[in-house]
1. Considering only residues that are of a type in the set (Gly, Ala, Ser) and over 12 Å from residue 81 (Cβ atoms), look in the stretch 5-24 and name the one that is farthest from the chain's Cα centre (by Cα).
2. Across the stretch 41-51, what is the total count of residues that are farther than 14 Å from residue 22 by Cβ and in a helix (DSSP H, G or I)?
3. Only one of 71, 81 is surrounded by 15 or more Cβ atoms within 10 Å (Cβ to Cβ), in contact with a helix residue (DSSP H, G or I) (Cβ under 8 Å, 6 or more places away or on another chain) and touching a residue at least 24 places away in the same chain (Cβ under 8 Å); which?
4. Those residues that are on the phi > 0 side of the Ramachandran plot and β-branched (Val, Ile, Thr), I need them from the stretch 37-65; list them, please.
5. So which residues in the stretch 68-80 are modelled with pLDDT of 85 or more and not charged (D, E, K, R)?
6. Take the stretch 11-36 and flag every residue that is at positive phi and surrounded by 15 or more Cβ atoms within 10 Å (Cβ to Cβ).
7. Taking the conditions exactly as written (at pLDDT below 80, out of contact with any helix residue (DSSP H, G or I) (no Cβ under 9 Å at 6 or more places or on another chain), part of a loop (DSSP other than H, G, I, E, B) and surrounded by fewer than 11 Cβ atoms within 10 Å (Cβ to Cβ)), does residue 101 satisfy them or not?
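The values are calculated or read from the model by the stated rules, or taken from the named source; none is laboratory data. For clarity, every value in this text was computed on a predicted model and none was experimentally measured. Every residue, glycine among them, receives a Cβ derived from its backbone with ideal geometry; neighbour counts consider all protein chains shown.
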Amino acid sequence: MAEPITIEVLGSALDLIGRPLMLEALAVVADGKPLPDAAPSGADTGLFLDEFKALRVLGMVESVEGSVAGLYALTPPGRALMDLLDTLAASITRTSTAAYSIS
């Protein structure tokens, strides 16, 4: 059984996803794109790479062994975070669509 989410853990998660370009960096890794070429158009490449480095330090991503193209993969905690974010996005979309549907 999963441990309960504490206020401290929730606060840390909110700090993580609230950082500039953090979600974009996480999505790039989830999509299997090589770095640093995958920085979003118009984004500060240095800031994007800083967010990516923070994900590595936090243990959310790891380098793909033997990759010469700069590929990284989500770790189990990184995958869990992406799954939670996907669920949240789907929930928001469903709520938004249901609230404004015309029947």
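1. Result: 11.
2. 2
3. Criteria check complete, one pass: 81.
4. none
5. 72, 73, 74, 75, 76, 77, 78, 80, listed by residue number.
6. Selection gives 21 alone.
7. The answer is yes for residue 101.
For (1) in a strand (DSSP E or B); (2) at pLDDT below 80, each residue gets a yes or a no:
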residue	(1), (2)
10	no, yes
20	no, yes
53	no, no
59	no, no
62	yes, no
66	no, yes
